[in-house]
Amino acid sequence: MIRISNVSKSYGGNVKAVDSLDLHVMPGEIFGFLGPNGAGKTTTIKIMVGILEPDQGSVEVAGINLVDKSIDAKKQIGYVPDEAQLWEKLTGAEYLDFVCDVYGVPGEKREPEAVRLLETFEMLQAVSDPIGSYSRGMRQKIAVIGSLMHHPSVWVLDEPMVGLDPRSSFLLKELMRSHVDQGGAVFFSTHVLEVAERLCDRVGIIHKGKLIAVNTVEEMKNLFAQEGDKSLEEIFLEVTGARLPQEQLASLAK
Ligand SMILES: Nc1ncnc2c1ncn2[C@@H]1O[C@H](COP(=O)(O)OP(=O)(O)O)[C@@H](O)[C@H]1O
Ligand SMILES: [Mg+2]
């Protein structure tokens, strides 16, 4: 449902923010994209949703090439950026209306969908207030709601749990599951490994622009199981080289 083929991107200079990335996400699948800060997660996501052009490689969303048929491909995508640009003076309702205008959601379909999602996230009261008055979590919630108004098949979220209270974060995870249960695909980045461990059907670990491991959480654990049961966090630290050698750890503990 999402297919990234041999994608590379650098921001001037020689360092590749994303380096020869190949990745696919199937319908019915929640895919977690893990990596330390600066690993290339946001760059990959911006390429995947058509905001950035890759230096090489291609992206297909629901079988549609993002360069050849960019409008058709983008209609398939619901995107929640890491920091949503929202218009402070618009109310939540006006913002959702604007998003529906952009995606061509017919008038009669807007309200039932908006009410359903606003109720889910306890935002029905706040929707008539200007976004400028919203807390960080409320902004994140209205961005999440806006991203679903056009019923995208592919839902892409960049660090979506950041700023959400535990209840909203739980509700978001439920929505992700129900999205894939209805045949969609979810791709999200996170550095919160416990979330990925419990939620994802598969995870990919990106480090310095390269995808260094892709697998189900279970398989990933099996592969690294020689030294006993490891959490995803331990595997992550190991493969991204962030883990200190044993002797160094021992000396630090003294
Ligand atoms: N607009 C930009 N201009 C120059 N370098 C950038 C820009 N955006 C990101 N980078 C660099 O690209 C690399 C990957 O960044 P990013 O994709 O944001 O990683 P992540 O989301 O995993 O933290 C980092 O080294 C970052 O400093
Ligand atoms: Mg990022």
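Annotation: amide H-H contacts under 5 Å for Thr91 (H modelled 1.01 Å from N, sequence separation of 5 or more, or interchain): Ile131.
Counting only residues at least eight positions apart within a chain, or on another chain, the aspartates and glutamates with an alpha carbon under 16 Å from that of Lys89 are Asp97, Asp129. In a DSSP loop and with at most 14 other Cβ atoms within 10 Å, the chymotrypsin sites (Phe, Trp or Tyr not before Pro) in the range 1-43 are Tyr11. For the range 88-152 and the range 177-201, what is the centre-to-centre distance using only Cα atoms, to the nearest Å? Spelled out, the Cα-based centre of one part sits 22 Å from the other. Remark: the Val15-Arg116 segment gains 31.9 nm on full extension, using 0.36 nm per residue and subtracting the alpha carbon distance.
Per-residue 3J(HN,Hα) values for the range 35-43, derived from phi via the Karplus relation 6.51 cos²θ - 1.76 cosθ + 1.60 with θ = phi - 60°, read x, x, 4, x, 6, x, 5, 5, 4 Hz in sequence order (x marks Gly and Pro). Per the Debye formula on identical point scatterers at the alpha carbon atoms of the chain, with no solvent, log10 I(q)/I(0) at q = 0.15 Å⁻¹ is -1.09. Listed by chain and number, the lysines whose C-alpha is less than 27 Å from the C-alpha of Lys221, apart from same-chain residues fewer than 8 away, are Lys41, Lys173, Lys208, Lys210, Lys230.
Could you work out how far apart the two model spin labels at Glu238 and His24 are, taking each label as a point 7 Å from the Cα in the direction of the beta carbon, and quote it in nm? Going from the Glu238 label point to the His24 one covers 2.8 nm. The dipole here belongs to the range 89-148: it is taken about the Cα centre, uses +1 on the Cβ of Lys and Arg and -1 on the Cβ of Asp and Glu, and is about 260 debye.
Readers should treat all values here as calculations from the given coordinates under stated rules, not as data from a laboratory. Note that the structure is predicted; figures quoted are calculated from it, not measured. All Cβ positions, even for glycine, are placed from backbone atoms using ideal geometry, and neighbour counts span all protein chains on display.
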